[in-house]
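Working notes for the structure below.
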Amino acid sequence: PPCACFVSFALTAWDANGSERSMAYRKTEFVERKRLETRARIVEAATSLVRVAGWRGCVLKTVAQRAGISTGSPYTPFTKISDLYTEAYDVIATGEFAVIAEIAKGDEPPLERLTTAIDTFTGRAIRGRVQAYAMIGEPVAPEVEANRQRHRRLLAGLLETIIRDGMDDGAFATQ
């Protein structure tokens, strides 16, 4: 009788004559959607842990528990745990960067934009001290540190743009 089974991630089927045929496994939309949902839950769990407990509190077992999956499951979408941590860093840093980028591209005079950007950055850091330490100074894996340096350069670029606007307008002395 016709039947199908999985053997080593390959689908084996038998045709009407009873001959075995091997077919490549293709993920269905449902399977792909579930995979992406699980991945998103893992990233959300990691980012929420970093926000409240820093990198020290973002351990695989706790991430898995928060995501509602088994402890080894984060290794399915992330081959290395540092890949998960890098993505979690990106999610948080991108949100923080967007806040400062919005201020930087504003229509206000450069001095006001610079003051607002600095006040906003430092105010958010003071209100979210654990997250700020995790994002700025807590020891991290080399891959996360490389990402941290990249985001620092991006933030410095935003502030530099405001300062250049101020020098062009004569609000700041030319450096």
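The values are calculated or read from the model by the stated rules, or taken from the named source; none is laboratory data. All figures in this text were calculated on a predicted structure; none of them were measured in a lab. Cβ placement follows ideal geometry from the backbone for every residue including glycine, while neighbour counts extend to all protein chains displayed. Keep in mind that these areas ignore ligands, DNA and RNA; they rest on the heavy atoms of the full protein, side chains included. Shrake-Rupley method; radii C 1.70, N 1.55, O 1.52, S 1.80 Å.
Below are the figures for this structure:
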item	result
In segment 147-168, residue most open to solvent (accessible area, probe 1.4 Å) [restricted to those that are within 10 Å of Ala104 (Cβ to Cβ) and not aliphatic (A, V, I, L, M)]	Glu160
Number of the condition not met by Pro74 [criteria: (1) open to solvent by less than 50 Å² (accessible area, probe 1.4 Å); (2) part of a loop (DSSP other than H, G, I, E, B); (3) closer than 19 Å to Lys34 by Cβ]	(2)
All positions within segment 79-95 that are in a helix (DSSP H, G or I) and not acidic (Asp, Glu)	Ile81, Ser82, Leu84, Tyr85, Thr86, Ala88, Tyr89, Val91, Ile92, Ala93, Thr94, Gly95
Candidate set: segment 5-59, residues that are in contact with a Leu (Cβ under 6 Å, 6 or more places away or on another chain) and farther than 30 Å from Val130 by Cα; chosen: the one modelled with the highest pLDDT	Tyr25
Selection status of Val50, in a helix (DSSP H, G or I) and in contact (Cβ under 8 Å) with a residue 60 or more places away in the chain	yes
Residues of segment 79-93 satisfying the condition of being within 8 Å of the chain's Cα centre (by Cα) and either open to solvent by 40 Å² or more (accessible area, probe 1.4 Å) or of a type outside the set (Gly, Ala, Ser) (or both)	Leu84, Tyr85, Thr86, Glu87, Tyr89, Asp90, Val91, Ile92
The listed residue being touching a residue at least 12 places away in the same chain (Cβ under 8 Å) and in contact with a His (Cβ under 6 Å, 6 or more places away or on another chain), out of Ala134, Ala93, Ala171	Ala93
Selection count, segment 112-145, where residues are in a helix (DSSP H, G or I), surrounded by 13 or more Cβ atoms within 10 Å (Cβ to Cβ) and not hydroxyl-bearing (Ser, Thr, Tyr)	16
Residue count, segment 98-111 (criterion: open to solvent by less than 30 Å² (accessible area, probe 1.4 Å) and assigned to a loop (DSSP other than H, G, I, E, B))	1
The listed residue being over 19 Å from the mean Cα position of the chain (by Cα) and of a type outside the set (Val, Ile, Thr), out of Ala117, Ala125	Ala117
Odd one out for Ala171, checked against (1) aliphatic (A, V, I, L, M); (2) open to solvent by less than 40 Å² (accessible area, probe 1.4 Å); (3) over 27 Å from Ala46 (Cβ atoms)	(2)
